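Okay, so here's the structure we're looking at.
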Amino acid sequence: MRFGIVVFPGSNCDEDAFHAAKTVFGQDAEYLWHKDADLKGADVLILPGGFAHGDYLRTGAMARFSPIMASVRAFAERGGPVLGICNGFQILLESGLLPGAMLRNKGLKYRCEHVHVRVEQTDTPFTSAASVGRVLRIPIGHGEGNYFAPPDMLQAIEANRQVVLRYTDAQGRIDEASNPNGSVNAIAGLCNAARNVVGMMPHPERACEPLLGGVDGCAIFESILRGAEIPALHAVGRSV
Amino acid sequence: MIDPQVLERHGLKPDEYERIVQFMGREPNLTELGIFSVMWSEHCSYKSSRVHLKTLPTEGPQVLQGPGENAGAVDIGDGLAAVFKIESHNHPSFIEPYQGAATGVGGIIRDIFTMGARPIALLNSLRFGALDAPGTRRILEGVVAGIAGYGNSIGIPTVGGEIVFEPSYAGNPLVNVFCLGIARASDIIKGVASGVGNSVYYVGAKTGRDGIHGATMASAEFDEKSAEKRPAVQVGDPFMEKLLLEACLEVMQTDALVGIQDMGAAGLTCSTTEMGSRGGAGVEIDVALVPQRETGMTPYEIMLSESQERMLLVAKPGREAEVERIFEKWDLHAVRIGHVTSDGLLRVKERGTTVAEIPNRALTDEAPVYRRPMTEPEYLREVRTLDLDDLASPERLALLGARGFQPSDQNHALLALLASPTIGSKRWVYRQYDHMVRTNTINLPGFGAGVVRIKGTDRALAMSVDGNGRYCYLDPCRGAMLAVAEAARNVACSGARPLAATNCLNFGNPERPAIMWQFAKAVEGIGAACRALDVPITGGNVSLYNETDGNAIFPTPTIGVVGLLEHADRVVGRRFQESGDAIILLGEGRGELGGSEYLKVAHELVRGVPPALDLEAERALQALLVALAGERLMRSAHDCSDGGLAAAVAECCFDTIGIGAEVSVAAEQVARDPRVNTAAALFGESASRVVISAVPEDVTRILERAAAARVPARVVGQTGGNRLRVAAGGEMVIDLSVDEAERAWSTAIERYFVKRVA
């Protein structure tokens, strides 16, 4: 399986995603430079974390204009699996590939720590190897991860079962103390209506090796690999 | 034109000006004077410190690059080098905390990638005034946000550090930033300009008027007018630096460069002069070609600007297009602003007309060197006396009682120590730093030394920065030795063998003999400890004039030590792992309360002599720790420092699943009054002590190893339960739930900010 990892100027988790795909999971991996349009035959795309273009405007606001984003969009519309991690999630929101927006964390400070997220949906290419209700311990690292959607949109998202991950405590219970950034409905991860595009604030690539203190992020990568064995889950995607 | 006022504004003394005229054989023009003023500033020339720094050990088979380059480098096997350095950004951080700290991070990162190394870890050592004093929270918040803003954005993890709160830093916080990178040993690049006619390129951010005279500002004391110096603080752009970092590392892969140097303090002036000087060549540039952010900048301003995120590089002939192409890819424009000459001069032109011409030698080698007068400060006689009986006198007890402190209640004393911001958890700080990016961090901040694995090998690097201004105030030589020992010990606790060190020397005004004495003594102590522990100094930085309104900070040498762990998966952290493990104390307590956090917290005293240090015993202890970790015999290891044995054992219980401990300590007869005696046994800060835990079956082997290494070792208790119980002299003197103790510790800093976070 070939991973394509999009590199924007200012991406800084690109090497980490590459390392997870290539070294930890033994897959092909290619960097995709933001000025190119060629996806180099990737089977799955990762938009990694970082500060694309410095994020001096809104997070992800500039990155959506990079030439590669047209190819990413076309890939997603063909049903190709796309995962946005942290800044990648923010870029997917700004690009309209996922609904909603990000606000500053409720404490107004950047937070880097391990959090617990509960798997809500398993019919996405990135959670198919997990079970509903499984609690994953994965690190976050962001200053703008406070997910927001207006009430109508939020209702549609919930009705369509688009919330993939929610912040919870270690037992899988939702409470304010376990929500690190104030996200509405404790949303930590989200998919589009076609379910092939997923964004998540936690960093699964930081939790794939015992040496790093946890392996719960493996569930995300194992889902991708499992998806490769299954014919395309959804033949035709549609935008949200 | 050049009158005494002009000289004073440039921080130059009349005799220094005479020296300039002598070298030049004429009066310098204003641009030349500006160039001299920054190159001869304390910050760039080390004119007061140089004679002392020369005495430091800088060599060893592991050292690939010692002081004098942008950073030091040591051999870490597999053909790789660890490139590292620590640097201060104290003065700017006081004037503008966010940008001061942010640009400090940016500056040290540039020093590392300038050497051809990929930066992979940051540490910082911070000093602030008392946390409840006015202004401290603002400075702390700004500094932490600045470090986070820069480090997080550029994607280099901040994997550890230390923070101390002490009133002496209220008007002069310390921000010392350490960066470490990895390079192929054969690919290390130096800051040289050579090859007559070779192109000199400028790349990075445009030059503005920010930071003019930053180096001169860092070489003067503060007073009430310092806030007016805000324009001399630069503004950081981590995104620009990220582009520069990636582009420079890509260019370095091509072998198209002769040399490269970042523009830090004294900007274009320092980089052109130093590159020329190192290469035995001259550099000629035309300032009109320098990309400028503002209009109407004079040659003087362009040469002295300290705008951030700029690099100077010399390309090999015929390789220019290749270099330019790589920078274009990253949307950076490498601009040819001059060339290398053979005349050994720094020649600055403006549209072809020469506006400054100075021999490099005059700016570097011939800069003044002072052997400043020194005298032992008078305060020492007074503060070194510590009458333990006096601590238990009825008058003092009444005084403590009035503050709600019961010295006979050791539960209370321990809780007070754990809640002291200097000892308490720094989680509020480090969770604002991305400490996991690059997926190498295998010992997280707060869990001991910062440890990062080296991908593609089995190895890992451990690093720690330490210093104790209070010890150095009481005895600068011993205090500095203790700082080296503690940094190396922290590295050894993780299982890594200490390899080398970098130092950041923060002191007051060297023109005062008492300060100069502190400096000289501290350097002496560093030298002795580095020699004994075989951790040569590979570089660092000196920050003098840390004074506000005539009040100097505590003398604060900060030491960064880097060590190598042969097997990353054998890393050891501070936390107890399991109930039922044996707790062993390596080293011996001698009930030393001098300069301790206990004296400060309980008695509001900074007195006595700091703990004794036997360097041979320290060396044996560290070797033992490395051996025990290598054989997987230790499950945790934690150094006893601030707060002594009791605080150390408590910290081993924290951030676990609430594992408790029961230990008993011998209460040495150090004072006639039993209350002080117990406190000295519990909270005394005797050096060269480490609390380790091990499975019971391994205890015999550990004690045998320790005996063979001549390290005192004794089983003092075991882990288990959910309480922290400490007996001293056969009597249970501390009995607290781990929960309660951890609450005091974990909220030590956070509680000062709670209202504002809600």
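In sequence order, what are the phi-derived ³J(HN,Hα) couplings for segment B:296-312 according to the Karplus relation 6.51 cos²θ - 1.76 cosθ + 1.60 with θ = phi - 60°, rounded to whole Hz, with x for glycine and proline?
x, 6, 8, x, 4, 5, 5, 6, 9, 4, 10, 3, 7, 6, 10, 10, 10
If the reach is capped at under 25 angstrom between alpha carbons, list the lysines near residue B:426, excluding any in the same chain fewer than eight residues apart.
A:106, A:109, B:85, B:600, B:755
Could you pull out the GluC sites (Glu not before Pro) across segment B:30-96 that fall in loop regions by DSSP (anything but H, G, I, E, B) with no more than 15 other Cβ atoms inside 10 Å?
B:59
For chain A, what proportion of DSSP beta bridges, expressed in % and rounded to the nearest 5, is antiparallel?
60
Collect residues whose amide H, placed 1.01 Å from N in the peptide plane, falls under 5 Å from the amide H of residue B:200; neighbours closer than 5 in sequence don't count.
Counting only residues 5 or more places away or on other chains, the set is B:337, B:338, B:339, B:340.
For the protein assembly as shown, what is the largest minus smallest coordinate of the Cα atoms on each principal axis, given in angstrom and ordered from greatest to least?
Taking max minus min along each principal axis of the Cα atoms, the protein assembly as shown gives 85, 79, 50 Å.
How far is the Cα center of segment B:679-758 from the Cα center of segment A:1-16, in Å?
Distance between centres, Cα-based: 44 Å.
What is the order of B:477, B:653, A:191, fewest Cβ neighbours within 10 Å to most?
Exposure proxy ranking, most exposed first: B:477, B:653, A:191.
Answer rounded, prolate or oblate for segment B:543-609, using the Cα gyration tensor with square roots of eigenvalues a ≥ b ≥ c: rounded when a/c is under 1.5, else prolate when a/b is larger than b/c, else oblate.
oblate
Return the aspartates and glutamates within reach of residue A:40: Cα separation strictly under 12 angstrom, same-chain partners fewer than 8 residues apart disregarded; answer none if there are no such residues.
Candidates past the 8-residue exclusion: A:28, A:30.
Report, by chain and number, residues whose modeled amide H sits under 5 Å from the one on residue B:258, excluding near sequence neighbours (fewer than 5 apart, same chain).
The list, which skips near neighbours in sequence, is B:314, B:315, B:316.
Can you show me the helix-derived [θ] at 222 nm for chain B, built from DSSP H runs with n ≥ 4 at -39,500 (n - 2.57) apiece and divided by the number of residues, rounded to the nearest 500.
The per-residue figure over chain B is -10500 deg cm²/dmol.
Taking N as the number of residues in chain B, what value does Rg over Cα atoms divided by 2.2 N^0.38 Å take? Numbers along the way, then the final one.
Numbers: Rg = 26.2 Å, N = 758, 2.2 N^0.38 = 27.3 Å.
Taking N as the residue count of chain B, the ratio is 0.96.
When the chain is fully extended, how far beyond the present Cα-Cα distance does residue B:354 get from residue B:590, taking 0.36 nm per residue of separation?
Extra length from residue B:354 to residue B:590 when fully extended: 78.2 nm.
For chain A, count all C-alpha to C-alpha pairs, find those more than 27 Å apart, and express that count as a whole percent of the total.
24
For B:40, B:330, which order do you get if you count the other beta carbons within 10 Å of each Cβ and list the fewest first?
Fewest-to-most ranking of B:40, B:330: B:330, B:40.
Taking 35 Å as R0, compute the FRET efficiency from the Cβ-Cβ separation of residue B:396 and residue B:616 and round it to 0.05.
FRET efficiency, residue B:396 to residue B:616: 0.40.
At residue A:175 and residue A:58, where each label point lies 7 Å from the Cα along Cα→Cβ, what is the point-to-point distance in nanometres?
3.4
Based on the alpha-carbon gyration tensor of segment B:408-494, what equivalent-ellipsoid semi-axes (square roots of 5 times the eigenvalues) come out, in whole Å, largest first?
That gives 28, 20, 11 Å for the three semi-axes.
What is the order of A:201, B:240, fewest Cβ neighbours within 10 Å to most? Could the numbers behind the result be given before it?
Working: A:201 32, B:240 22.
Arranged by neighbour count, lowest to highest, A:201, B:240 become B:240, A:201.
Which lysines, on any chain, are close to residue B:316 with Cα under 26 Å apart, when same-chain ones fewer than 8 places away are left out?
Straight-line reach from residue B:316, under 26 Å: B:190, B:206, B:242, B:329, B:349.
Quick one: what are the phi-derived ³J(HN,Hα) couplings along segment B:646-658, Karplus 6.51/-1.76/1.60 with θ = phi - 60°, whole Hz, x for glycine and proline?
5, 5, 5, 5, 4, 5, 5, 7, 7, 6, 9, 8, x
Could you give the radius of gyration (one decimal) and Dmax (whole number) of the Cα atoms in segment B:2-42, in Å?
Rg, Dmax (Cα atoms, Å): 8.9, 24.
Starting from 0 in steps of 5 Å, tell me what percent of the Cα-Cα pairs of segment A:1-94 lands in each bin.
Bins of 5 Å from zero give 3, 16, 28, 28, 17, 7, 1, 0 percent of pairs.
Over segment B:126-190, consider all pairs of different Cα atoms and compute the Kirkwood hydrodynamic radius from their mean reciprocal separation; express it in Å, one decimal. If you can, show how the numbers build up before the last one.
Values: mean 1/r = 0.0730 Å⁻¹.
Evaluated on segment B:126-190, it is 13.7 Å.
What is the sum of charges around residue B:209, taking Lys and Arg as +1, Asp and Glu as -1, for the other residues whose C-beta is under 9 Å from the C-beta of residue B:209? Let's see the in-between values first.
Numbers: positive: B:293; negative: B:210, B:294, B:301.
Net of charged neighbours comes to -2.
Would you kindly work out the equivalent ellipsoid of segment A:59-150 from its C-alpha gyration tensor and give its semi-axes, the square roots of five times the eigenvalues, largest first in whole Å?
Largest first, segment A:59-150 gives 23, 20, 11 Å.
Out of residues 5 or more away from residue A:165 or on other chains, whose amide H comes under 5 Å of its own, with H placed 1.01 Å from N in the peptide plane?
When sequence neighbours closer than 5 places are left aside, the close amide H contacts are A:120, A:188, A:189, A:190.
I'd like the Karplus ³J(HN,Hα) series for segment B:76-92: coefficients 6.51, -1.76, 1.60, θ = phi - 60°, whole numbers in Hz, and an x wherever there's a Gly or Pro.
10, x, 6, x, 9, 10, 9, 10, 8, 6, 10, 8, 9, 9, 5, 5, x
Taking the simple approach of a point 7 Å from Cα along Cα-to-Cβ for both residue A:37 and residue B:385, what is their distance in nm?
For residue A:37 paired with residue B:385, the spin-label model returns 8.6 nm.
Expected output is a single nm value to one decimal: the length gained when fully extending between residue A:226 and residue A:74, i.e. 0.36 nm times separation in residues minus the C-alpha distance. What is it?
On the way: separation 152, 0.36 × 152 = 54.72 nm, distance 2.30 nm.
Length difference between fully extended and current span is 52.4 nm.
Give me the one-decimal nm value for the distance between modelled label points at residue B:370 and residue B:406, 7 Å along each residue's Cα-to-Cβ direction.
Using points 7 Å along Cα→Cβ, the separation is 5.5 nm.
Every read-out reported here was derived from the displayed coordinates using simple, explicitly stated rules and does not represent laboratory data. Computed from a prediction, not measured in an experiment: that's the story for all the values here. No Cβ is skipped: glycine too gets one built from the backbone with ideal geometry, and neighbour counts run over all protein chains shown.
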